Each structure stands twice: as C-alpha cells, then as structure tokens.
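Notes follow the structure.
Nothing in this text is a laboratory measurement; each read-out follows from the coordinates by a stated rule. Nothing here was measured: the structure is a model prediction, and the numbers come from that model. All Cβ positions, even for glycine, are placed from backbone atoms using ideal geometry, and neighbour counts span all protein chains on display.
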C-alpha cells in the first residue's frame, strides 16, 4: 500500500492506494497550519480505513514547485517515514499531477500553481503516446502575463483565485478547467507514484530535494 502526500501549496492532500483501489483521499485548504495538520490527518485516515502504518509499503510525495515552507513540511514528513521505516520514496513534480488529470488532446496544456505574492508557477505540456509530457522548463509568471501570452487555443488547469479565473475566462482562446476539475487530487499523485514504484523508479530519501521557485529563473521541470 502507498501513502501519498502533497503539501505544495495552501492545499494539502493525502491518499491511500493499494494498486487496485483508492482506499482514501482527503484534500483541504489550510491557513498556514501544514505542520500541525498533516500528521493528525494521516493518522485519522489510517484509522478510518482500518489501516495500520505497518501496512504502508511506500510513500509518494509531491516535490513542487510550490511554497518553500509548504513543500518543506510535506517532504520532511515523507522523508521521516521513509527513513525510519525503510520505505521506498517516490517524488512526483506537482505540475505533473495536474497534467495527469486532464484528458490528452492535440491542444497544448498549461498547468499552474499558486506561488505566492500574486505569482504563478507555470508548466507547459504537450501530448505524446505516453500522455502529457513537459515542454521546456517551468517558469514563474503572473495571470496577467499568461493571459496576454496565450493567443492560440490552449487548455489551462490549476490552482487559481476567483479574480485569476475571471481574467482567463476573458480570453476565448483559453479552455479553462472548472474549479473541481482543476483541484490537485492526492489520488492522482498516488497512482503516479505507485506506477513509478512498480517500475523501480525510487528516489533516495536522504537527497530527494523539492523544486523551489526562483523569481526570474527557470524552475527545473
């Protein structure tokens, strides 16, 4: 069984997945209380599903981009579990979680995350035989800049404020995902991490690092 953890932004998400069933999935928006909320939420989810921590055989964690503090909380928690229990750890870029939730089409896909101070982390994806693939490095931008740059039909999904959604809706070239469809699902993270775990694509717990935002610089994809 795999435990998935995503604390990339103010939205937190956790899930339990056994490869055949999504046993539990919980996501919520926190007011900067990631440190105090994460561990109790995981304990409650295990209790609700009648699962013991000894049954968890791997940990999947979102590694960003996102908020410096938020990412650090989730990754530290995931690393602690992996190192203390000798569990495989699988890191998944957060923008890839968003992309995996969108049906593949011939249109380009823009995935965005709240990056604080009115900024967005942006990653472009293109369709391939294996689903969505990143196109170039992710960058820091704003909703105003992105809305002006999209001049041909494109899909857009991700974490947006009401004002940002209204701005994108004014551009008729943008096919904007609904708020529910655009929410990062920890169940999706769990599936991605489980797949990589089964392929033996494990990350070293001691050195796995988050993808942080750097204003003016590319964010490694």
Problem set entry | Reference-scaled alpha-carbon Rg (2.2 N^0.38 Å with N residues) for the range 95-182 | 0.98
For this session: Find the centroid of the Cα atoms in the range 33-52 and in the range 169-198, then give the distance between the two in whole Å.
Result: 23 Å
Exercise. Roughly what angle does helix 34-48 make with the longest principal axis of the chain, taking Cα atoms, 0 to 90 degrees, to the nearest 10?
Worked result: 60 degrees
Exercise. Which three lengths, in whole Å and largest first, does the range 80-139 cover when its Cα atoms are put on their principal axes?
Worked result: 44, 36, 19
Problem set entry | Neighbour-count order for 61, 112, 102, 56, fewest beta carbons within 10 angstrom listed first | 56, 102, 112, 61
Exercise. Tell me, what is the Rg over Rh of the range 35-113, with Rh the Kirkwood radius over Cα pairs?
Worked result: 1.05
Seminar exercise, completed: From fewest to most C-beta neighbours within 10 Å, the residues 157, 69, 151, 35 line up as 151, 69, 35, 157
Exercise. Listing 197, 28, 132 from the residue with the fewest other Cβ atoms within 10 Å to the one with the most, what is the order?
Worked result: 28, 197, 132
Problem set entry | For the chain, radius of gyration divided by Kirkwood radius, i.e. Rg to Rh on alpha-carbons | 0.96
Seminar exercise, completed: Rounded to whole Å, √(5λ) for the Cα gyration tensor eigenvalues of the range 9-79, largest first, gives 21, 13, 11
